[in-house]
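**Student:** Let me give you the structure first, and then I'll get to my questions.
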Amino acid sequence: MSVTADQFHGDPDDSTAPPTAGVVEVTVAVESDLLVLARLAASTVAARSSFDIEEIEDLRLAVDELCLSVLQGRRVGRLRLRFDGTPDEIEVWCRYDGGDEPADDGFGADEDTDGLSGRILDALVDEHGPVFGDGWHGSRLCKRRVARDG
Amino acid sequence: MEQAFGVSEGTRDGTSIVTVSGEVDVATAPAVRDCLDQVIERDAGVVVVDLTGVTFIDSTGLGVLIGARKRCADEGRDVRVVVAEPRILKVFEITGLTELFTIRPSLDLALAA
C-alpha cells in the first residue's frame, strides 16, 4: 500500500494509531552519527522486498541523501522516516520535525552539496522531490525494483 | 562486517597520502576534512587520497574532496584519488566527479599518474 501525505502528516507520538503491514517507521534525533540508522533501515526494507545487492546499496545511499536534503545542516529536532516496501517498489518519506533553521555549513561540508545530492538521487531512484505539510517539510523518494526473470 | 571509519596520513617517495576507511558520511567527513587541511597546509606537491578501504561515501564526503581539490588547485597542486570498490566509483561517476579528479584503482597507479 502507499502512504499519502495526509497519513504521513499524522502525529508521530500517537501510539494508538494502528500499525500498517509492510510499513517501517524510524524516528531519529538530528545527530550526524544517527543517520547510519536511516541507512540500516533502508537496507533492511530493501532486502525484505527482495531487491538485489546493487539496488540495496543504491537505496541506502539515496535515503542518506534524502535525509541530508531535508536537514540542510539543521542540528536540532528529529527526522521521521517511513518506508513502504512492496515486492515492486519502495517508497520513502522523510520528514523534519523541529524549529531549527538550515545551516550554511551543513555539518561541516566544504562545498554546497545540494547539487551533488540531486545528481545522486536522480541517478539512483525513479522519483524524488520535496513534500510540504502544515508546519512541516520533508522529501519523498520512490525506487522501483528492476524486473528480473524467475 | 563493516570496516570501522578511520583516517590517517603518511608519505611515500615524497608524496602526501591520506588514507580513509569505513563509511564517509556527514558524521565522519569533518575528520577527513581536518586531516586533508593539515596535509595541504603542511606539505607541498601532490596529495593522494586513498579510498580503497571506504565502504560508503555520500555527498558530504564528496564535498570535502572537492574542497581539498580547490585548495590544491589554487596552488597548482593535484589531488589524486584511489578508488578500487566499484560501488564507490559509481558515486564518482554519477556525480560527474570522474571528470574532476584523477582516479586510479590502486595506490601504486595513483602515485605513478
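The values are calculated or read from the model by the stated rules, or taken from the named source; none is laboratory data. Not measured: the values here are computed from a predicted model. Note: ideal-geometry Cβ built from the backbone for every residue, glycine included; neighbour counts use all protein chains shown.
**Student:** What about B:Val7, is it within 25 Å of A:Leu40 (Cβ to Cβ) and at the interface with another protein chain (Cβ under 10 Å from one of its Cβ atoms)?
**Tutor:** Details: within 25 Å of A:Leu40 (Cβ to Cβ): yes; at the interface with another protein chain (Cβ under 10 Å from one of its Cβ atoms): no.
For B:Val7, the condition - within 25 Å of A:Leu40 (Cβ to Cβ) and at the interface with another protein chain (Cβ under 10 Å from one of its Cβ atoms) - is not met.
**Student:** Among the listed residues A:Arg80, A:Arg60, which satisfies the condition of being more than 17 Å from A:Asp126 (Cα to Cα) and either under 12 Å from the mean Cα position of the chain (by Cα) or outside any strand (DSSP E or B) (or both)? Steps first, please.
**Tutor:** On the way: A:Arg60 fails: more than 17 Å from A:Asp126 (Cα to Cα).
Residue meeting the stated conditions: A:Arg80.
**Student:** Does B:Val64 satisfy the condition of being within 14 Å of B:Val20 (Cα to Cα) and surrounded by 20 or more Cβ atoms within 10 Å (Cβ to Cβ)?
**Tutor:** Criteria met by B:Val64.
**Student:** Is it the case that some residue within region B:84-107 is in contact with a Pro (Cβ under 7 Å, 6 or more places away or on another chain) and not in a helix (DSSP H, G or I)? So that I can check it myself, show each step before the final result.
**Tutor:** Residues of region B:84-107 in contact with a Pro (Cβ under 7 Å, 6 or more places away or on another chain): B:84.
Checking the rest, the ones that are also not in a helix (DSSP H, G or I) come to B:84.
There is at least one residue in region B:84-107 that is in contact with a Pro (Cβ under 7 Å, 6 or more places away or on another chain) and not in a helix (DSSP H, G or I).
**Student:** Let me ask another. Return the total of residues in region A:107-150 being in a helix (DSSP H, G or I), in contact with an Asp or Glu (Cβ under 6 Å, 6 or more places away or on another chain) and at pLDDT below 95. Outline the logic, then answer.
**Tutor:** Filtering region A:107-150 for residues in a helix (DSSP H, G or I) gives A:107-108, A:114-124.
Of the ones still in play, those that are also in contact with an Asp or Glu (Cβ under 6 Å, 6 or more places away or on another chain) are A:117, A:120-121, A:124.
From what is left, the residues that are at pLDDT below 95 are A:117.
Residues meeting the conditions: 1.
**Student:** Condition first: among the aliphatic types (A, V, I, L, M), without any contact (Cβ under 8 Å) to a residue 24 or more places away in the chain, more than 11 Å from every other protein chain (Cβ to nearest Cβ) and under 14 Å from A:Pro87 (Cα atoms). Now tell me which residues in region A:36-76 satisfy that.
**Tutor:** We begin by selecting, within region A:36-76, every residue among the aliphatic types (A, V, I, L, M); these are A:36-38, A:40-42, A:45-47, A:53, A:56, A:59, A:61-63, A:66, A:68, A:70-71, A:76.
From the residues that got through so far, the ones that are without any contact (Cβ under 8 Å) to a residue 24 or more places away in the chain too are A:36-37, A:40, A:47, A:53, A:56.
In the following step, the residues that additionally are more than 11 Å from every other protein chain (Cβ to nearest Cβ) were identified as A:37, A:47.
Across region A:36-76, the qualifying residue is only A:Ala47.
**Student:** Now for a separate question. Quick test for you: out of B:Gly76, B:Gly67, B:Gly53, pick the one residue that is over 19 Å from A:Ser69 (Cα atoms) and part of a loop (DSSP other than H, G, I, E, B).
**Tutor:** B:Gly76
**Student:** Can you tell me which residue is farthest from the chain's Cα centre (by Cα) among those in region B:1-48 that are farther than 22 Å from B:Glu85 by Cα and in contact (Cβ under 8 Å) with a residue 60 or more places away in the chain?
**Tutor:** B:Asp13
**Student:** Name the residues in region B:19-46 that are within 14 Å of chain A (Cβ to nearest Cβ), among the aliphatic types (A, V, I, L, M) and part of a strand (DSSP E or B), would you?
**Tutor:** Hit for region B:19-46 is B:Val24, nothing else.
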